[in-house]
Amino acid sequence: MYQKILTDIGQDYYQTTYQNDGQRFVAWYLRNIHNLDICETKDCITDGAGDKQIDAIYIDNENSTIYIIQGKFYQDSSVDAEPLREVLSSWVQIKNLEKLQNGANQKLQIKIQEMATAIEDNYDICFELIVTSELTESAKKDLEVFQKELSEDETLQANLFVIDNDLLKYKYDEALNKNRPYINYNFTLEEGKYMQLFIGNTKAVIAAIPLKDCVKIPGIKDGSLFRKNVRQSLGTNNKVNKGIAYTIKNSAKDFFFFHNGITAICSYMNIKNNLLSVKELNVVNGCQSLNTIFSCSESAKKCSKAYIMFRFYEIENADKADKISTSTNSQSAVKARDLRSNDKSVLEMKKAYEQYYPRGYFKTKRGENVDNTRYNTTYIVDLTELGKQLIAWHSQRPTISYSETKIFDKYFDQLFRRTYSPENIQALHELFNALYKKWNKENPMGLNETLLAMKAYAPYHQLYAISVIFCEVNKMNDSVPSPSVVLEKMKNSNNLDIIIDTAGNCLNLAMETASSEATDNGKIFVPQNWIKSKTSLKDIRTAVKQYLASLRIFPDGKKMLEKFTLDLKMPKENFEARWTAD
């Protein structure tokens with residue numbers, strides 16, 4: 001991997017954007033492994049003088065996880081425990097964020113404040129040490145000690161993972177599914193607790209395997225059993241894994257019924273005298289479960305009547321094995337949004353929308369495949385996006401749009417327990433799509449690069465800014481305009497692009513003004529925290545007012561304002577009170 005990465009970071013993008021190969025290596029990892037874009041990657045890098053041994057911080061809002069990354073771009077075949085001690089030092093420093101900020105460089109200072117907010121929101125902390133070598137045996141022993149210390153600390157729990165050369169190669173190749181580890185093993189089956197069957201020409205075995213036998217399976221500890229799995233173990237501090245561990249320790253006899261089971265593929269398997277022999281064993285779904293069972297090995301060994309379901313598939317064809325691996329690894333944990341997909345109010349909204357738009361489709365479940373030949377793609381809306389748009393527009397709280405959990409849990413009743421017209425659903429869909437397509441690498445609106453790094457949630461502030469423009473023009477500051485009427489006004493007056501660009505410019509101005517004020521007052525400005533705070537809403541409204549006021553100064557601007565007022569004029573009945581969300 002060292003030579004591969006060395007070649008990649010030799011490209012102009014890495015050479016001109018980052019100062020040294022260490023930064024380029026971490027940037028390569030963020031782009032290729034965490035799938036961040038150019039602006040997001042640059043925003044995460046903290047390496048340099050005063051980095052406090054932290055090369056990058058990536059805050060994943062979707063999965064509520066803080067990734068603290070340290071990279072060591074070594075050509076040597078092995079690396080000792082020194083980088084691990086640097087990570088441990090970083091963890092110790094993070095326990096006192098105020099002290100950590102002293103002497104930290106500006107990028108790290110900003111990230112520390114963003115991280116502090118995320119910690120308050122109970123985000124998980126994950127340290128990633130990425131190396132192009134393999135840990136020495138002594139370093140591996142230190143890793144076990146450090147992992148235990150971080151996960152069991154009472155003041156600040158964290159997970160620690162070492163992404164070594166082999167795992168780095170796996171993560172890079174996983175999309176292509178090139179690597180198949182060679183683990184051969186024999187499972188002892190109990191009479192009456194397994195069955196063998198053929199699905200088409202594929203041999204399958206469904207078996208209840210004792211938990212005490214799971215801890216003996218090779219490849220769990222070093223991760224080689226899960227080379228095709230999307231991610232390695234998240235540690236015992238993870239909420240789901242804590243639940244698994246609790247069941248093992250308190251309700252082991254019911255474990256079989258509480259768990260979905262393990263999916264494994266192999267190139268060959270045979271049953272003889274209740275002994276299942278498998279070759280090239282690869283667990284493609286169940287990494288977290290087996291790692292948790294392994295971490296509770298002493299408890300598992302005592303559970304003589306505890307079982308877990310295994311599905312073994314004999315797959316000789318490599319392409320088919322890859323498809324199974326890809327499909328099972330595409331599954332995600334159930335979220336609050338998923339639990340709402342069959343809610344009565346959501347289904348009523350879906351029915352109303354699809355009746356009003358015969359060629360439209362309302363996606364209520366994640367991963368739904370929609371036949372584009374049957375439906376008009378312009379009228380395919382998504383429940384998740386609608387929730388984010390509703391809270392940004394009607395609740396006037398784009399500061400919450402980043403959090404699916406809050407939208408579909410805490411604020412679900414305020415957003416969905418009411419009749420909402422299909423026309424407004426479609427209008428929000430069209431408005432957001434029209435503005436979002438401008439958030440691209442060409443940057444047609446001339447947005448600040450920091451805003452582009454927040455593409456996952458900042459566009460909802462632009463949607464909010466559009467509503468503010470209509471409120472200000474119509475002097476209805478305490479109300480919210482109807483999205484369908486807003487869209488109609490923008491289209492009929494040929495102002496769609498003009499209003500979208502104006503909203504983008506006001507968002508840009510609001511953030512830059514807030515940044516300047518913080519700097520003038522000797523404070524650290526954290527864009528990610530600003531965009532999630534109510535202060536950003538006040539600043540955006542002020543920017544809109546200033547923009548409209550500036551038009552009055554010049555003759556051409558005055559004419560434009562008069563045209564705006566005429567084109568965007570709406571009756572009072574097209575406004576309603578803000579939906580409460582906080």
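The values are calculated or read from the model by the stated rules, or taken from the named source; none is laboratory data. Not measured: the values here are computed from a predicted model. Ligands, DNA and RNA are stripped out before the accessible areas are found, and what is left, the full protein with its side chains, is counted by its heavy atoms. Shrake-Rupley method; radii C 1.70, N 1.55, O 1.52, S 1.80 Å.
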(Q) If every alpha-carbon in the stretch 246-287 counts as one equal scatterer, what log10 I(q)/I(0) does Debye give at q = 0.32 1/Å? (A) -0.98
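If you take the alpha carbon radius of gyration of the stretch 81-122 and divide it by 2.2 N^0.38 Å, what ratio comes out, to two decimals? Spell out each step's value before the answer.
Working: Rg = 11.1 Å, N = 42, 2.2 N^0.38 = 9.1 Å.
Relative to the rule-of-thumb radius for its length, the stretch 81-122 sits at 1.22.
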(Q) If I ignore ligands, DNA and RNA and count only protein heavy atoms, how much of residue 155 is accessible to a 1.4 Å probe, in Å² to the nearest 10? (A) 110
**Q.** Amide H within-cut-off set for residue 160, under 5 Å, with H built and near neighbours excluded
**A.** 127
**Q.** Degrees separating the helix 555-567 axis from the principal Cα axis of the chain, which is the longest one
**A.** 70
Q: With 22 Å as the limit, write out which pairs from 489/563; 52/111; 171/441 have Cα-Cα distances beyond it, or answer none.
A: 171/441
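Could you order 259, 394 by accessible surface area, starting with the largest, using a probe radius of 1.4 Å?
On the way: 259 35, 394 0 Å².
Ranked list, largest accessible area first: 259, 394.
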**Q.** Quotient of Cα Rg and 2.2 N^0.38 Å for the stretch 1-50, N being how many residues it contains
**A.** 1.05
Q) For the Cα atoms of the chain, what angle does the longest principal axis make with the long axis of helix 496-520, in degrees from 0 to 90, nearest 10? A) 80
Q: Tally the DSSP beta bridges in the chain and give the antiparallel ones as a percent, rounded to 5.
A: 60
Q. So what does residue 80 come to for accessible area, using a 1.4 Å probe and Å² rounded to 10?
A. 90
Q: For residue 375 and residue 352, calculate 0.36 nm times their separation in residues minus their Cα-Cα distance, and state this gained length in nm to one decimal.
A: 6.7 nm
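For the stretch 1-123, what does the equivalent ellipsoid look like in terms of its semi-axes, each the square root of 5 times an eigenvalue of the Cα gyration tensor, given largest first in whole Å?
Working: eigenvalues 116, 59, 37 Å².
Output for the stretch 1-123: semi-axes of 24, 17, 14 Å.
Given a cut-off of 29 Å, name the pairs among 475/532; 42/363; 42/438; 72/141; 99/388 whose C-alpha atoms lie farther apart than that in the structure shown. Could the numbers behind the result be given before it?
Working: 475/532 26 Å; 42/363 34 Å; 42/438 20 Å; 72/141 19 Å; 99/388 36 Å.
Pairs exceeding the cut-off: 42/363; 99/388.
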Q. In 5 Å bins starting at 0, how do the alpha-carbon pair distances of the stretch 441-543 split up by percent?
A. 2, 12, 23, 24, 17, 13, 6, 2, 1, 0
Q | For residue 51, residues with placed amide H under 5 Å, excluding near neighbours | A | 105
Q: Using only protein heavy atoms and a 1.4 Å probe, report how much of residue 370 is accessible, in Å² to the nearest 10.
A: 30
(Q) Could you work out the relative contact order of the chain? I mean the mean sequence separation of Cα pairs under 8 Å and 6+ apart, divided by the number of residues, in percent. (A) 10
Q. Can you give the angle from 0 to 90° between the axis of helix 106-120 and the longest principal axis of the chain, with both taken from C-alpha atoms, to the nearest 10?
A. 80
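Would you mind calculating the gained length between residue 251 and residue 185 on full extension (0.36 nm times residue separation, minus the Cα-Cα distance), in nm to one decimal? Don't skip to the answer; put the middle values down first.
Working: separation 66, 0.36 × 66 = 23.76 nm, distance 2.83 nm.
Contour length minus the Cα-Cα distance gives 20.9 nm.
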**Q.** Phi-based couplings in Hz for the stretch 480-487 (Karplus 6.51, -1.76, 1.60; Gly and Pro marked x)
**A.** 10, x, 5, x, 5, 5, 4, 4
Q: Could you give the spread of the C-alpha atoms of the chain along their three principal axes, from largest to smallest, in whole angstroms?
A: 90, 59, 44
Q. Length gain on complete extension for the stretch residue 345 to residue 577, per 0.36 nm per residue less the alpha carbon to alpha carbon distance?
A. 81.4 nm
Q) Over the alpha carbons of the stretch 53-154, what is the largest minus smallest coordinate on each principal axis, giving the biggest first in Å? A) 38, 29, 28
